[in-house]
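Chemist: One structure coming up, written as structure tokens, with questions to follow.
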Amino acid sequence: MKLNKQQTTHPLDDLLRIDRIPHIWCPGCGIGTAFSSCLIAMKESGIDLKKTVMVSGIGCSGRGAGYVNLDSYHTTHGRAIPFATGMKLANPELNVVVFSGDGDLFAIGGNHFIHAARRNVDLTVVCVNNFNYGMTGGQVAATTPYLSMTTTTPMGNPDTPFNLPLMAYASGATYVARWTILHARDLTESIEEAILKRGFSFVEVLSPCPINYGRRNKEKPIDTLKTYQEKTIIKNDAHPTELGIDFDRGIILGKFVDTNLPTCSDRYDNTCRPKDLFEEEGEGI
Amino acid sequence: MNPAVLTGEHFMTGDVACAEGALAAGCRFFGGYPITPATEIAEQIAERLPEVGGTFIQMEDEIAAIASVIGASCAGVKSMTATSGPGFSLMMENIGLAACTETPCVIVDVQRAGPSTGLPTQGAQSDMMQARWGSHGDYEIIALAPSSPQDTFYQTIRAFNLSETYRLPVLIMSDEIIGHISERVIIPEARTIKTVSRPRPKGRKDRFKPFQPGPNGVAPMAIAGEGYNIHVTGLTHDEKGYPVMTVEAQEEMMTRIIGKVSRNLHDIIQTESYRMDDAEIAVISYGVSTRTSLAAVDEAREMGIKAGLLRLITVWPFPEDQIRKLAERVKGFVTVEINLGQIHYEVERCAAGKAPAFLVGHPGGTIIPPDSVIETLKTAF
């Protein structure tokens, strides 16, 4: 995309609901970067955007569906994936991208994530992971690092967080990657690959929440970005068990799974609608 | 390979008839989760959907089931799920999403006795108020109560037609007894079955407002992938579908989603009267309890008690006007239902003190015997 000094428009304007800008995201928030990466990836992938749908749940990242100028569905908390599953199975021609946050996808919606991955539903799931519930003011999430401060763990988080890529891998996802918003080019490339992948694809994006998470953990916005630069290691094909979130040891980024397996719809058609049976009998549909 | 409409004479359960009614109505997506006594609906439709070009999926829970159904409907496919009490409870939040986003879908509740796990294999009619008010916030809903397998077949078709016409979730409030009883079901020829599909937008795509109501209060529905670039949200939204967090937007949206039902009551409400012309006591009933009530009315008549039956086919919206008018001329009401008073209180509310209202109820697990109704008819008036 060429930048032109005279330009008064944004290169992604055609994919944005301009009449809904300004957005709700706070200064320093990383969702906008993750969202831009997602939109650029959609464009660059060459998929038919008329047949492309964004589905979100509830939360800051869940507002993504409200800003994209495509058919977009802002559903209930945690239920973006089963909603998207129904949509994809009802019309397999649609490209369905789920864009939502860690609280939505992995706490209240965790069960749906593992089952959609198990079935290999042909969805692209982009999870903006900011380690806390931002919209409600910074409560502990299923992704909050051990001992981190949040409003509901005032003495520090006694629990350990999920390793999301490991969960995706173990559940059967056919594409798994993790980046931070600082790695915007890699992130965009990964989302593009994920969109073009036939199967359940998962991209985790580590993203700062300076207002609610950073502030309580004495982490200035610039420090978060420095952490993303200094405490991350790019290691493609790393084993998912190595991918736990531990800033002392370093966070591993990269593409970890990229494989091809029949999708949920393929398997359904092959098992429940075998061609020979349908052809023998003549008309079926 | 069977056709979508199984024309012919069958001996089938209410649950199976429900699945066949759905297929005849054009249902091509079912997202389900097993639960007694609704499982047979999922089993029947799991076998039947692939051969008619549809898709069945057993989701990971009832929340996922209803979410998938709403998603499939937004993709343009007539969709249904079926459950019982515990699953119905889990579906409530997304029933609200369907109401708010005006997404057609059909939810079957084959009622069993509750609360909680209750009596899983035994019938009740105790989810009737949950059907009306189960999801948070104000909204209107349509609920139909079938009273036999044959009726289940027809009411399921009607549920889809109403759901598509008015773009809202429609509930079929069956029960374990109707779901599991086997009776004769006649399925007519496909060409004689009237099916309705949601209104669709016409004209310029850039000017389309997805929630701008048409003449009957219902907005044409664009589906995903048609190029309308619609936004659909469970937040309070304007006619463009955009979230607007104001009191005015809330009023406008609520007026629209409630008005669709309240302005079309004549089309939605269906009741059936039996020996009501000269009746002095109006027995009000629905679903399986209609059968008890019919027997009781006949027996009462033989005893010289002038009773009649008003069967509610549509339970929600409640036929308020009919009850109000009846209250002017009858000596009283007796509501027969397998719960400890749900529709009874609606009858009492509409009677507004002009005629006394009595309940013949039961906490669930069995049908109400006609004798209990006759006892009340004899002693209450």
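The values are calculated or read from the model by the stated rules, or taken from the named source; none is laboratory data. What you are looking at is a predicted structure, and each value in this text was computed from that prediction instead of being measured. Ideal geometry is used to build each Cβ from the backbone, glycine not excepted, and the neighbour counts take in all protein chains shown.
Chemist: Any idea which residue in the range B:240-267 is surrounded by the fewest Cβ atoms within 10 Å (Cβ to Cβ), counting only those that are polar (S, T, N, Q) and in contact (Cβ under 8 Å) with a residue 40 or more places away in the chain?
Modeler: That would be B:SER262.
Chemist: Could you tell me which residue of the range B:180-204 is farthest from the chain's Cα centre (by Cα), considering only residues that are farther than 19 Å from B:VAL288 by Cα and of a type in the set (Ser, Thr, Tyr)?
Modeler: Among them, the one singled out is B:THR192.
Chemist: Please pick out the residue among A:ILE58, A:ILE47 that is part of a loop (DSSP other than H, G, I, E, B), buried (at least 24 other Cβ atoms within 10 Å of the Cβ) and among the aliphatic types (A, V, I, L, M).
Modeler: Of A:ILE58, A:ILE47, the one residue that is part of a loop (DSSP other than H, G, I, E, B), buried (at least 24 other Cβ atoms within 10 Å of the Cβ) and among the aliphatic types (A, V, I, L, M) is A:ILE58.
Chemist: Would you mind finding the one in B:SER126, B:SER89, B:SER84 that is touching a Gly at 6+ places or on another chain (Cβ under 8 Å), of a type outside the set (A, V, I, L, M, F, W, C) and crowded, with 23+ Cβ neighbours inside 10 Å? It would help to see each step written out before you state the result.
Modeler: On the way: B:SER89 fails: crowded, with 23+ Cβ neighbours inside 10 Å; B:SER84 fails: touching a Gly at 6+ places or on another chain (Cβ under 8 Å).
After applying the criteria, what remains is B:SER126.
Chemist: Going by the structure shown, is A:VAL121 under 22 Å from B:ILE63 (Cα atoms), part of a loop (DSSP other than H, G, I, E, B) and not small (Gly, Ala, Ser)? Break it down stepwise before answering.
Modeler: Working: under 22 Å from B:ILE63 (Cα atoms): yes; part of a loop (DSSP other than H, G, I, E, B): yes; not small (Gly, Ala, Ser): yes.
Criteria met by A:VAL121.
Chemist: Just name the residue that is farthest from the other protein chains (Cβ to nearest Cβ) out of those in the range A:61-81 that are assigned to a helix (DSSP H, G or I) and either among the hydroxyl-bearing types (Ser, Thr, Tyr) or more than 15 Å from the chain's Cα centre (by Cα) (or both). Spell out the reasoning first.
Modeler: Quick first cut of the range A:61-81, residues assigned to a helix (DSSP H, G or I) only: A:61-67, A:80-81.
If we keep only those that are either among the hydroxyl-bearing types (Ser, Thr, Tyr) or more than 15 Å from the chain's Cα centre (by Cα) (or both) too, we end up with A:61, A:66-67.
Details: A:SER61: 14, A:GLY66: 6, A:TYR67: 9 Å.
This residue is A:SER61.
Chemist: May I pose another question? Starting from the range A:6-29, keep only residues that are away from every other protein chain (no Cβ under 12 Å) and under 21 Å from A:GLY134 (Cβ atoms), then list their pairs with residues that are in a loop (DSSP other than H, G, I, E, B) and hydrophobic (A, V, I, L, M, F, W, C) whose Cβ atoms are within a distance under 9 Å, requiring at least 6 positions of separation or different chains.
Modeler: A:TRP25/A:CYS60; A:CYS26/A:CYS60; A:CYS26/A:CYS209; A:GLY28/A:CYS209; A:CYS29/A:CYS60; A:CYS29/A:CYS209
Chemist: Can you tell which of A:VAL53, A:VAL96, A:VAL121, A:VAL125 is at the interface with chain B (Cβ under 8 Å from one of its Cβ atoms), under 19 Å from A:SER190 (Cα atoms) and of a type outside the set (Phe, Trp, Tyr)?
Modeler: A:VAL53 is the lone residue from the list that is at the interface with chain B (Cβ under 8 Å from one of its Cβ atoms), under 19 Å from A:SER190 (Cα atoms) and of a type outside the set (Phe, Trp, Tyr).
Chemist: Search the range B:194-237 for residues being on the phi > 0 side of the Ramachandran plot and facing another protein chain (nearest Cβ under 10 Å), and hand back the single one that is surrounded by the most Cβ atoms within 10 Å (Cβ to Cβ).
Modeler: If we take residues in the range B:194-237 being on the phi > 0 side of the Ramachandran plot and facing another protein chain (nearest Cβ under 10 Å), then B:GLY225 is surrounded by the most Cβ atoms within 10 Å (Cβ to Cβ).
Chemist: Here's another thing I want to ask about it. Quick check on the range A:260-278: of everything there that is in a helix (DSSP H, G or I) and at pLDDT below 95, which residue is surrounded by the most Cβ atoms within 10 Å (Cβ to Cβ)?
Modeler: The initial filter retains those residues of the range A:260-278 that are in a helix (DSSP H, G or I), namely A:264-272, A:275-278.
After this cut, where a residue has to be at pLDDT below 95 as well, the list is A:275-278.
On the way: A:LYS275: 9, A:ASP276: 7, A:LEU277: 13, A:PHE278: 17.
Among those residues, the one meeting the criterion is A:PHE278.
Chemist: Among the residues of the range B:75-96, which ones are within 26 Å of B:MET254 (Cβ to Cβ) and either touching a helix residue (DSSP H, G or I) at 6+ places or on another chain (Cβ under 6 Å) or not assigned by TED's automatic domain parsing to the domain that holds B:GLY137 (or both)? Walk me through it before giving the result.
Modeler: Step one: of the range B:75-96, the residues within 26 Å of B:MET254 (Cβ to Cβ) are B:79, B:81, B:88-96.
B:SER79, B:THR81, B:LEU90, B:MET91, B:ASN94, listed by residue number.
Chemist: Restricted to the range B:51-72, and to residues that are part of a helix (DSSP H, G or I) and more than 8 Å from chain A (Cβ to nearest Cβ), which residue is nearest to B:ILE35 (Cα to Cα)?
Modeler: B:GLU62
Chemist: Does B:ARG48 satisfy being in contact (Cβ under 8 Å) with a residue 24 or more places away in the chain and either of a type in the set (Asp, Glu) or at the interface with chain A (Cβ under 8 Å from one of its Cβ atoms) (or both)?
Modeler: no
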